[in-house]
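Structure, as structure tokens:
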Amino acid sequence: GEQGDIERAQAALAAGDFRSAADQLAAFVTTYPGSPLTADANYLRGEALEGLGETTNAARAYLEAFSGDPNGPKAPDALFKLGSSLGKIGQTQDACLTLAEVNVRFPGNPTVTDAQREMQILGCR
């Protein structure tokens, strides 16, 4: 079922088999539309795509993870990873706005520190 499919994809990701993980997670999202695990699947797919160097696709996956569950447990990390990915593909203004939003939406979350550090690296104002 869903949990087993997510666990197999996580195992592939942990083993560094990013292509297999990305493919499994894309299939998960298609196979189980509306699943409570969809945001997690999209987040993990972002990590797999990042591992493959597909930063633009990773940003899309992080956006889907955040949009799918903007108040869920993965939301702060998804928003941070979205902002970080945007910075890596040269969309600095969007990256800065997205990273600043981490503190606005999730004050006190440990991810805020990561977002602030990334904003310094990008030279956000």
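Condition check for Glu47 on (1) out of contact with any Ser or Thr (no Cβ under 9 Å at 6 or more places or on another chain); (2) open to solvent by 60 Å² or more (accessible area, probe 1.4 Å): one failure, at (2). Which one is least open to solvent (accessible area, probe 1.4 Å), of the residues in the stretch 1-32 that are among the charged types (D, E, K, R) and touching a residue at least 24 places away in the same chain (Cβ under 8 Å)? Once the filter is applied, the top-ranked residue is Asp5. In summary, helices (runs of 4 or more DSSP H) completely within the stretch 11-90 and bearing 1 or more residues that are in contact with a helix residue (DSSP H, G or I) (Cβ under 7 Å, 6 or more places away or on another chain) and either on the phi > 0 side of the Ramachandran plot or of a type in the set (Asp, Glu) (or both) occur at 38-51, 55-68, 75-88.
Go through the residues of the stretch 33-44 one by one and say whether even a single one is at pLDDT 95 or above and open to solvent by 60 Å² or more (accessible area, probe 1.4 Å). Checked the stretch 33-44: no residue is at pLDDT 95 or above and open to solvent by 60 Å² or more (accessible area, probe 1.4 Å). Every condition in (1) open to solvent by 40 Å² or more (accessible area, probe 1.4 Å); (2) assigned to a helix (DSSP H, G or I) is met by Cys96 except one, and the failing one is (1).
The values are calculated or read from the model by the stated rules, or taken from the named source; none is laboratory data. In this text the structure is predicted, and so the values were computed from the model without any measurement. Counting neighbours? That spans all protein chains shown, and the Cβs are built from the backbone with ideal geometry, glycine included. Accessible surface areas use protein heavy atoms only, side chains included; no ligands, DNA or RNA. Shrake-Rupley method; radii C 1.70, N 1.55, O 1.52, S 1.80 Å.
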